[in-house]
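Worksheet: one structure, shown below.
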Amino acid sequence: MILDLVINTQHTPYYQRIFHGKRRDLGQNYHWEPTGGVEIYASEAHFLISAGGYWVEPPRNHGELFTDTDAGWAVPTTLMPTAGGINRNDFIRIEGSQDDRLRINTCVAPRFACGMNPTVPERYLSNKDCADVREGAPGTDGGWAFIDASGRCPAPFPNDGLYVAVFKAQCQSDECINHGGFYGFFEVQPADEGISFDTFRESVLHNNDHPYDWAAPNQYITASGHTIM
């Protein structure tokens, strides 16, 4: 079954969370106790969303006093298209906090991810016919970027078979600003499910016509009508 999920890209969509054990609070005294990270994946035929996880200290007692080589480092949460992309800088992603040890990239759901400092690579913004960017004014509720990577625009614009909506807002508190200055999320929609790019964009805007607060519970309704909280 595992090999089928890895090799067969036309498999049934899956959402998987793997928990490797308790994570010690950074403020606790160190003692001999194994700790673990987390893996979260949301996969479909055209893409994989992979959570970046969080930092965990090396497994040996006081090992981090000498080297961080064996530490578990959190990385960006990425939207990885099946069709292409060489490294994470090519991907739409959630960078997370600028502080390596405070980066917690675990917000992943089917077709959705959220967190600090969402980033859209320039290659997804290079053709305005397929990149509708709606910048929010400073201090407002944020701005949207709608990406039509279905193949409608010619190369070198990406042909991933996907539509993507990305929301990005400026932080309004010192705590949030200290982590990098922005927060947000993205939703991905396969382009071969009978929904047009215009319909996807208008559904996202209609379903989520309300402000978001980085420090409070929020609600997002996907283009297909599913609620994420």
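The values are calculated or read from the model by the stated rules, or taken from the named source; none is laboratory data. Fair warning: this is a prediction, and the values are worked out from it, not measured in the lab. Counting neighbours? That spans all protein chains shown, and the Cβs are built from the backbone with ideal geometry, glycine included.
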**OP:** Looking at (1) within 16 Å of Tyr220 (Cβ to Cβ); (2) part of a loop (DSSP other than H, G, I, E, B); (3) aromatic (Phe, Trp, Tyr), find the lone condition where Phe186 falls short.
**Re:** (2)
Original post:
All but one of (1) at pLDDT below 65; (2) over 26 Å from Asn178 (Cβ atoms); (3) assigned to a loop (DSSP other than H, G, I, E, B) hold for Leu26; which doesn't?
Top reply: (2)
Original post:
Which condition number in (1) within 20 Å of Val38 (Cβ to Cβ); (2) surrounded by 24 or more Cβ atoms within 10 Å (Cβ to Cβ) is the one that Ile92 fails?
Top reply: (1)
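Listed residues Ser126, Ser203; which is in a loop (DSSP other than H, G, I, E, B) and hydroxyl-bearing (Ser, Thr, Tyr)?
Values: Ser203 fails: in a loop (DSSP other than H, G, I, E, B).
Result: Ser126 is the single residue among Ser126, Ser203 that is in a loop (DSSP other than H, G, I, E, B) and hydroxyl-bearing (Ser, Thr, Tyr).
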**OP:** Only one of these is within 15 Å of the chain's Cα centre (by Cα) and closer than 27 Å to Ser224 by Cα: Ala165, Ala149. Name it.
**Re:** Ala165
Subject >> Unique residue being of a type outside the set (D, E, K, R) and part of a loop (DSSP other than H, G, I, E, B) when the list is Trp144, Trp214 >> reply: Trp214
Original post:
Only one residue in Phe185, Phe197 is of a type outside the set (Asp, Glu), in contact with a strand residue (DSSP E or B) (Cβ under 6 Å, 6 or more places away or on another chain) and under 16 Å from Gly143 (Cβ atoms). Which one?
Top reply: Phe185
Subject >> Complete set of residues in region 83-119 that are assigned to a loop (DSSP other than H, G, I, E, B), within 16 Å of Asp148 (Cα to Cα) and in contact with a strand residue (DSSP E or B) (Cβ under 6 Å, 6 or more places away or on another chain) >> reply: Phe91, Arg111
**OP:** Go through (1) among the aliphatic types (A, V, I, L, M); (2) under 30 Å from Ile18 (Cα atoms); (3) touching a helix residue (DSSP H, G or I) at 6+ places or on another chain (Cβ under 8 Å) and name the single condition Ala131 misses.
**Re:** (2)
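Identify all residues within region 154-183 that are charged (D, E, K, R) and in a loop (DSSP other than H, G, I, E, B); write none if there are none.
Selection gives Asp160 alone.
Would you say Gly151 is touching a residue at least 40 places away in the same chain (Cβ under 8 Å), in a strand (DSSP E or B) and not polar (S, T, N, Q)?
Numbers: touching a residue at least 40 places away in the same chain (Cβ under 8 Å): yes; in a strand (DSSP E or B): no; not polar (S, T, N, Q): yes.
Spelling it out, it is not the case that Gly151 is touching a residue at least 40 places away in the same chain (Cβ under 8 Å), in a strand (DSSP E or B) and not polar (S, T, N, Q).
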